[in-house]
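S.K.: Got a structure for you, questions after.
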Amino acid sequence: MVEDVVESAKRRMNNTQEHVRQDFTGIRTGRASASLLNRVSVNYYGQPTPLNQIAAITVPEPTLLVISPYDKSIMNDVEKAIMQSDLGLNPMNDGHIIRLPIPKLTEERRKEMTRLVRTKAEDGRVALRNVRRDAIEELRSLEKDGEITKDDLHRGQEEIQKLTDQHIAETDEMLKNKEKELMEV
């Protein structure tokens, strides 16, 4: 019983961690990365489709992304989707490929992005603590119903706390690395 609750909490915490990691990859730094476009969806024959499914995205140089749609008839749709995204990038369409220059971040923009990253990290920590709270409440209800002993409850709480501390430390490490990446000139 206790192991099931701990495993469930571990799985939920891993999912939360992965969500934070994905949020961090979508935040633009001063260098080009194909993952910047992960959240961009293109209206492809009436269906919103992720850009990386309908185009090849390459990084030929540190400040440039090149997008080659598999279907050349959607070039304008791809360009429009990029301009409507919250990335603040201006695509250059030459009819065959779309060049997406990544401008250097200003000091003000770097600080703004750092605040955004800190907010996302804190949201992740809160989600991890919520998972901990739910798991501990589940253990307490099992103990109240007589399905586990007080010792099992205590051991389960300790395991869940260790898991929480480990995931929060990993989130803090990801935050530190992303802040360092953002502040590089």
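The values are calculated or read from the model by the stated rules, or taken from the named source; none is laboratory data. Quick caveat: nothing in here was measured; it's all calculated off a predicted structure. We place every Cβ from the backbone using ideal geometry, glycine too, and count neighbours over all the protein chains shown.
S.K.: If I ask for residues that are part of a strand (DSSP E or B) and either of a type in the set (V, I, T) or within 20 Å of the chain's Cα centre (by Cα) (or both), which ones from region 66-99 would you list?
M.R.: Residues satisfying the conditions are V66, I67, I98.
S.K.: Tally the residues that are under 28 Å from R110 (Cα atoms) and buried (at least 17 other Cβ atoms within 10 Å of the Cβ), restricting the search to region 60-81.
M.R.: 6
S.K.: Assuming G146 fulfils every condition listed in (1) under 30 Å from V2 (Cβ atoms); (2) touching a residue at least 40 places away in the same chain (Cβ under 8 Å); (3) in a loop (DSSP other than H, G, I, E, B); (4) not polar (S, T, N, Q) apart from one, which condition is it?
M.R.: (2)
S.K.: Just to be sure I understand the filter: pairs with C-beta atoms under 7 Å, separated by 6 or more residues or on different chains, first member in region 39-63 and more than 16 Å from G26 (Cβ to Cβ), second member among the polar types (S, T, N, Q) and assigned to a strand (DSSP E or B). Which pairs pass?
M.R.: If the second residue must be among the polar types (S, T, N, Q) and assigned to a strand (DSSP E or B), the pairs left are V42/T49; P48/S41; T49/S41; A55/S68; A56/S68.
S.K.: So which pairs qualify, if the first residue must be in region 13-26 and closer than 18 Å to K162 by Cα and part of a helix (DSSP H, G or I), the second must be at pLDDT below 90 and β-branched (V, I, T), the Cβ gap must be under 9 Å, and the two must be at least 6 apart or on different chains?
M.R.: none
S.K.: On to the next question. How about region 100-124: which of its residues are closer than 23 Å to N38 by Cβ, of a type in the set (D, E, K, R) and part of a helix (DSSP H, G or I)?
M.R.: Residues satisfying the conditions are R109, R110, E112, R115, R118, K120, E122, D123.
S.K.: Checking the structure you have, find out if any residue of region 95-117 is assigned by TED's automatic domain parsing to the domain that holds R11, closer than 30 Å to V6 by Cα and of a type outside the set (V, I, T).
M.R.: The answer is no; no qualifying residue exists.
S.K.: Take D86 and tell me if it is farther than 30 Å from Y45 by Cβ and either basic (K, R) or surrounded by fewer than 17 Cβ atoms within 10 Å (Cβ to Cβ) (or both).
M.R.: No, not satisfied.
S.K.: When you go through I102, I82, I74 one by one, which is the residue that is modelled with pLDDT under 85 and among the hydrophobic types (A, V, I, L, M, F, W, C)? Give the steps one after another, and end with the answer.
M.R.: Working: I82 fails: modelled with pLDDT under 85; I74 fails: modelled with pLDDT under 85.
Selected residue: I102, the only one of I102, I82, I74 that is modelled with pLDDT under 85 and among the hydrophobic types (A, V, I, L, M, F, W, C).
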